[in-house]
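The values are calculated or read from the model by the stated rules, or taken from the named source; none is laboratory data. Small disclaimer: the values here were computed from a predicted structure and weren't measured. Note that we place each Cβ from the backbone using ideal geometry, even for glycine, and neighbour counts take in every protein chain shown.
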Amino acid sequence: MRLQRYEGNPILSPNAANSWEDLAVFNPAAWYDPDKGQVILLYRAAESHPEYKCYFGLAVSKDGMHFERVSDKPVLPPSVDGFDASTIQDPRMVKIGDWYYITYAARHFPFGQFWMPTEQRYHWPVCPPEFPKAIRTNATSTGLLLTQDFKTWIRAGRITDPMLDDRDVILFPEKVGGKFVMLHRPLEWSGPAYGTEHPCIWISFADDLLGFKQSKLLAKREYSWEADKIGANTPPIRTDHGWLTLYHAVGPDKFYRLGALLLDLKHPSIVRYRTRDWIMQPEAEYEIDGYYRGCVFPCGKVIIGDTLFVYYGAADKYVGMATCELQELVDYLLKCPV
């Protein structure tokens, strides 16, 4: 089973007319509004300045394939002086009631163009040893955004422990067993004490969206195409057979490939089914020729009719889209019990 690339890819490309998105647009969150018949993409945009600051832009589509930007300005920039003062990136979005809840990765200092030779990169300031670790090391934190209209925002703060470099943070679109549920991937949680050799996917439950304190190991690398870290990609979708989510794994060639999970509906800390082989890998030129060669990285997926639309970043430069029939993917997973 393979996801099928849209022949019109990439669906969004860098826009030289706007300095905040002239280098790259990628890794979009997605939501489908059936009342408006509209797909919303909240995408990460990067400037060409050596600091490599990132912003959020917004694009909409009636068919899920052809998108128009809503503005020549970002819908959200980094904060002025907060933990997300230099970059906001990799949003994941769910809607509960009238509000969109968006998790996003962030850093206090600019990260710089990581693909450049070391001597040509921007380097963040050296901080006193008394500074908090997250600032000294410029670690990635994950924050929570709230909005109803993508115009007015509430920056709720960090949703993860500031002592951890924690990303790939994803909320479930509804409570399960009366609790909010979150997936995440703490970089430091590997080794014998954690039961995994490499960073992997953990799950956490809480009564409050800023109250996730304890986590359980959910999924770690199992197959040869998962040689390094793995992480969750897209908010789970409820199906009759479980919560469907996509995940990525970094292979021995450093390429990012995609798999899928079905989690138990009532007890999502249990993985019921898991693809044994990848369902998408970098193959197209726009997935290879970019700032991270060989990366397909979805942050959002939607269902329109019977079709699953997956929106992904390609080589950290473009937005691509791939599809499959939802039932085809579920049937394939049901052949892969854990």
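For this structure, a couple of remarks:
- Taking segment 14-26 as the range and being assigned to a loop (DSSP other than H, G, I, E, B) and buried (at least 16 other Cβ atoms within 10 Å of the Cβ) as the test, the residues that pass are 14, 15, 18, 22, 23.
- Candidates 90, 72, 84 - the one that is in contact (Cβ under 8 Å) with a residue 40 or more places away in the chain, among the acidic types (Asp, Glu) and not in a loop (DSSP other than H, G, I, E, B): 90
- Residues satisfying the stated conditions in segment 121-171, i.e. free of Cβ contacts under 8 Å to residues at least 12 places away in the same chain and not charged (D, E, K, R): 123, 126, 127, 128, 129, 131, 152, 154
- Condition check for residue 155: out of contact with any strand residue (DSSP E or B) (no Cβ under 9 Å at 6 or more places or on another chain) and surrounded by 14 or more Cβ atoms within 10 Å (Cβ to Cβ): no
- Residue in segment 140-160 that is closer than 19 Å to residue 53 by Cα, part of a loop (DSSP other than H, G, I, E, B) and modelled with pLDDT of 95 or more present: yes
- Looking only at segment 27-49, residues that are part of a strand (DSSP E or B) and under 18 Å from residue 150 (Cα atoms) come to 15 in all.
- Filter pass, residue 111 being in contact with a His (Cβ under 7 Å, 6 or more places away or on another chain) and either aromatic (Phe, Trp, Tyr) or outside any loop (DSSP other than H, G, I, E, B) (or both): no
- The one condition in (1) in contact with a strand residue (DSSP E or B) (Cβ under 7 Å, 6 or more places away or on another chain); (2) surrounded by fewer than 16 Cβ atoms within 10 Å (Cβ to Cβ) that residue 127 fails to fulfil: (1)
- Within segment 324-338, the residues that satisfy the criterion of being part of a strand (DSSP E or B) and either small (Gly, Ala, Ser) or touching a residue at least 60 places away in the same chain (Cβ under 8 Å) (or both) are 324, 337.
- Among residues of segment 303-323, those that are buried (at least 21 other Cβ atoms within 10 Å of the Cβ) and in a strand (DSSP E or B), counted: 12
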